[in-house]
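Have a look at the structure below, then the notes.
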Amino acid sequence: MNAVYHPPTVESQAQEYWNDHESFRATESGEGEKFYCLAMFPYPSGRLHMGHVRCYTLADVIGRYHRLKGYNVMQPMGWDAFGLPAENAAIKNGIPPATWTKDNIAYMRGQMQRLGFGIDWSREFATCDPEYYHWEQWLFIKLYEKGLVYRKNAVVNWDPVDQTVLANEQVVDGRGWRSGAVVERREMAQWFLKITDYAEELLNELDKMTGWPESVKSMQRNWIGQSQGVEIDFAVNGRDDVLTVFTTRPDTLLGATYVAVAAEHPLAEAAAAVDAEVAAFVETCKQATTAEADLATMEKAGVATALTVKHPLTGADLPVWVANFVLMEYGSGAVMSVPGHDQRDWEFARKYDIPVVQVIAPEGDDDCDLEEAAFTEPGVLVNSGEFDGLTSAAAFDGIADALAAKSAGRRVTNYRLRDWGVSRQRYWGCPIPMIHCEHCGVVPVPEQDLPVVLPTEVQFEGVRSPLTTMESFLQVDCPECGAPARRETDTFDTFMESSWYYARFACPDANEPMVDDRVNFWAPVNHYVGGIEHAILHLLYARFYFKLMRDEGLVDADEPFTDLLMLGMVLQDGKKMSKSAGDAGDPQKLLDKYGADTVRTAMMMAAPPHQSFEWGEAQLEGALRFLKRLWSMVHEHAVGGLGGALNPAALGETAAEVRRKTHETIARADDDLGRRVQFNTVVSAVMELTNALSRFDPADDNERAVMTEGLRTALLVISPIAPHLTHVLWPMVGGEGALIEQGWPELDESALAQAVIEYVVQVNGKVRGKIEVPADAEQGVVLDLAKAADNVARHMDGKAVVKEIVVPNKLVNIVVR
RNA sequence: GCCCGGGUGGUGAAAUUGGUAGACACAAGGGACUUAAAAUCCCUCGGAGGCAACUCCAUGCGGGUUCAAGUCCCGCCCCGGGCACCA
């Protein structure tokens, strides 16, 4: 055994042991309660970045800790392999996306293995494997048959030069990133999944999900955006048509002075057909992206049409405007506008000289000035005929009833959530298993013909998907009439693959549709770890998809992820890792220089998991120094002998103090690893313990045993973070069997007992002294001792005591005047 | 613009339920060892004042609640994440 810490030797020795003993192979018959520990699988972008290192180390620490606690742990890994970057690489370098992806996976797998993650690699798969996406196609057809899949037009970013659809990310300042052409909004037929059918369940279930952070649940609630309101029908004058709008404020209906529709709305198109000004405005609205953030920050603009609608209660004619802030995707693509009581409508009305009418007055003595701003609070109705004097709440019901009586409105629960558009006009994705037949329309691919395999031998010519011109892929006979037909060339949104991979990990080789019984052994995932950037979309789609699988009878549980750990971002030059270029964040050179344990420890020390931080190498020196120290301490102690059986009753004060530190560390680290999921303080706690141990000079056999216990504790507690070094050191402190097979160290409560407790003494809230008090002292005694302390007495001198506060085992505050 | 976070020494951070602000580290400075360097070990280390004992100031900014506020409340500023086709 080498007295100098040499990470490469240590790390390959430990990894060899785990491989030879299949230490991380998880089975349903394993001992202990099952614990499915999962980190969000990576996109195989090329090489790991420090964000990956952080995420997978955190998950590994959670997994290894639960192993110590006796759970049957399953930690899988796979690859979210479809996506845009592979296509970009193909376009740029001519490498087929499949080849590029496969090479990246091989490299990144090697890096993960080098980091020593306790992964069961026998479960590995990539989402671009036909054996995987086969079942995604299969479920899609099941959902189509159930009516949960439909086709409708949706807006995309169109690059008129490259003749292609762009992702929002590929639009920079309104222009295509490659062509530089001004991007246009264009409508296209797309496939949708009816997530809105599950909106209520997705919302309500959040209340039961105690293992999720409140912030994430809050984001999801707001995203789903349930609101109670009224749907109101406005008859369109001169047309046999009704304009339906949704409002959460029917109490303001009498204050509506116009209605506004989206540029894509049929009424806008009708108006544009006969009015050049409207047509021009609709045209400018198309020179925009599909991103909501752009729309929301855009200067509000609109144009009046010659059309009018009839107010359902007053019969008055209201003008129809086309406005750029109305979203066709949300609600009915039309809104009623009440400038007196909605700030956006107020600003729009001011800009275009539309009347502002007050119909709500503040309650009580408060005042409002509609010349200054809209009054948006609830209040009391005015200028509203029979509804005058009602509160907003009462008027909500009154007006809703009045509309219902005229069949001009109905109460509805509305959601901000929109159905999930899953079509992508891209090559590197899962083919949508549909066939277009000119006789039969859209026909699903029959189950026995699945999977529709994506051809991987492709050449990119320009930027368009090779599928659109590949006759061998396109040509197919219609499954219904047998006539020549064409395959759908769109592929699925890659969120489809990442919505169920965790279920597939339970049974990666299942041949029955999608998953088999093993899924109900492992699911739900006990602890899911990933970046905060996934707080809404991925996690909501995955929850939805799991419910779709449940309703198909494939899984039993309602929710896929019990506990959720959301990581802050690792930043590089102020940018998130996955976005920043260059190799400054490449962990490879750090692994070569410091070894896996140091990189892992440094990463865990750097910040608590939920927090974002800027990665720097500063932590590495401290982590390496600490591991070296632990290494040499164990060696020195082993040479001097481990001592006999520990007899706590016979220990002197110093040794008892060391032993207390040992057991405090067990308690603290257990709480940090298990309940708090905060690992930076685990490293600190073990550092404090090793600092205490290094100051301790054992005088006899019993004291040597105290040292042995301390070192064994340090090794076990830090082992989830630095598993290699601790594996190799374990036998040197008398450990029998491999460390990976050990249990969490046992806490001896009696070792924590303190005879004397230190109190802080404050006078008027300021610290004026410290006192030592016997642990069993009464409050009166504590107070007397506090008042007698030198500096405390000085600050109390000549003043009257107003109040005395004693916080047991902590603090005394004496308030004087 | 909307939703969700965050802001503490030169740096990363700790302070768990309102109870000692700065644990544990990094960097820096000083010292020991060494022919020298590296490594290692020891000491100092928020700011100001003071020989010292101590005192005052200090957790983005401004108010408030409380015996006591980094922690709770109100109003701002700045930074990050998400906004439905990046993953």
HN-Hα J in Hz across segment A:682-689 - Karplus 6.51, -1.76, 1.60, θ = phi - 60°, x for Gly and Pro: 5, 4, 4, 4, 5, 4, 4, 5
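Report the calculated FRET efficiency for A:E749 and A:I805 (r = Cβ-Cβ distance, R0 = 41 Å), to the nearest 0.05. Don't skip to the end; give the middle numbers.
Numbers: r = 29 Å, r/R0 = 0.70.
So, using R0 = 41 Å, E works out to roughly 0.90.
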Cα gyration tensor shape of segment A:667-765, rounded if a/c is under 1.5, else prolate or oblate by comparing a/b with b/c: oblate
Rg/Rh for segment A:614-705, where both radii come from Cα atoms and Rh is the Kirkwood radius: 1.03
Under 28 Å from A:K152, Cα to Cα: lysines that are on another chain or at least 8 residues apart: A:K142, A:K194, A:K286, A:K300, A:K547
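Kindly identify chain A as rounded, prolate or oblate by the Cα gyration tensor criterion: order the square roots of the eigenvalues as a ≥ b ≥ c, call it rounded if a/c is under 1.5, otherwise compare a/b with b/c, prolate if a/b is larger, else oblate. Write out the running numbers ahead of the final one.
Details: a/c = 2.57, a/b = 1.42, b/c = 1.81.
Note, shape of chain A comes out oblate.
Work out the FRET efficiency for A:K300 and A:Q678 from their Cβ-Cβ distance, taking R0 = 51 Å, and round it to the nearest 0.05.
Values: r = 45 Å, r/R0 = 0.89.
Efficiency for this residue pair is about 0.65.
Below 15 angstrom from the Cβ of A:F82, what's the summed charge of the other residues (Lys, Arg +1; Asp, Glu -1)?
Values: positive: A:K102, A:R424, A:R426, A:R504; negative: A:D80, A:E87, A:D129, A:E131, A:E136, A:D490, A:D493, A:E497.
Cβ neighbours under 15 Å give a net charge of -4.
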5 Å binning of all Cα-Cα separations within segment A:375-440, expressed as whole percents from 0 upward: 3, 11, 13, 12, 11, 7, 5, 6, 7, 8, 8, 8, 1
Inter-label distance, nm, simple model (7 Å from Cα along the C-beta direction), A:T248/A:S29: 5.6 nm
For A:R768, residues with placed amide H under 5 Å, excluding near neighbours: A:V761, A:Q762, A:V763
Whole-Hz ³J(HN,Hα) from phi, Karplus 6.51 cos²θ - 1.76 cosθ + 1.60, for segment A:255-264, glycine and proline x: x, 5, 10, 6, 10, 10, 10, 6, 4, 8
Gain on full stretching of the segment that runs from A:A777 to A:R239 - 0.36 nm per residue minus C-alpha separation: 184.8 nm
Rounded if a/c under 1.5, otherwise prolate or oblate - segment A:438-508, Cα gyration tensor axes: oblate
Simple spin-label estimate for A:R629 and A:E269 in nanometres, 7 Å along Cα-Cβ: 7.2 nm
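Just subtract the alpha-carbon distance of A:R344 and A:E200 from 0.36 nm times their residue separation and send over the number in nm, one decimal. Working shown, then result.
On the way: separation 144, 0.36 × 144 = 51.84 nm, distance 2.86 nm.
Net length gain for the segment: 49.0 nm.
Go ahead and run the numbers for FRET between A:Y17 and A:E552, Cβ-Cβ distance against an R0 of 60 Å, rounding to 0.05.
The computed FRET efficiency comes out at 0.90.
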A:L68 accessible area, 1.4 Å probe, all protein chains in place, Å² to nearest 10: 10 Å²
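Helix-derived [θ] at 222 nm for chain A: sum -39500 (n - 2.57) over DSSP H runs of at least 4, divide by residue count, nearest 500?
Details: 25 runs with 293 residues, N = 817.
Dividing the helical sum by the residues of chain A leaves -11000 deg cm²/dmol.
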Estimated inter-spin distance, A:T314 and A:N168, nm [label 7 Å along Cα→Cβ]: 3.8 nm
Solvent-accessible area per residue, Å², over chain A with all protein chains present [probe radius 1.4 Å]: 43 Å²
Residues with amide H under 5 Å from that of A:S332, placed H, sequence gap 5 or more: A:F246
Net charge over other residues, Cβ less than 12 angstrom from the Cβ of A:W730 (K, R count +1; D, E count -1): -1
For segment A:179-196, 3J(HN,Hα) per residue [Karplus equation, 6.51 cos²θ - 1.76 cosθ + 1.60, θ = phi - 60°, Hz, x = Gly/Pro]: 7, x, 6, 5, 7, 10, 7, 9, 8, 9, 6, 9, 8, 10, 9, 7, 5, 5
By accessible area with a 1.4 Å probe, ligands and nucleic acids excluded, highest first: order of A:M605, A:M707: A:M605, A:M707
Distance-filtered residues of segment A:230-268 - backbone nitrogen under 20 Å, label point 7 angstrom along A:L370 Cα→Cβ: A:247-260
With every protein chain in place, segment A:221-372: carbon and sulfur % of accessible area (1.4 Å): 49 percent
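The values are calculated or read from the model by the stated rules, or taken from the named source; none is laboratory data. Not measured: the values here are computed from a predicted model. A quick note on method: Cβ atoms are made from the backbone with ideal geometry, for glycine too, and the neighbour counts reach across all protein chains shown. For the accessible areas, the whole protein counts, side chains as well, though only heavy atoms, and no ligand, DNA or RNA atoms are used. Shrake-Rupley method; radii C 1.70, N 1.55, O 1.52, S 1.80 Å.
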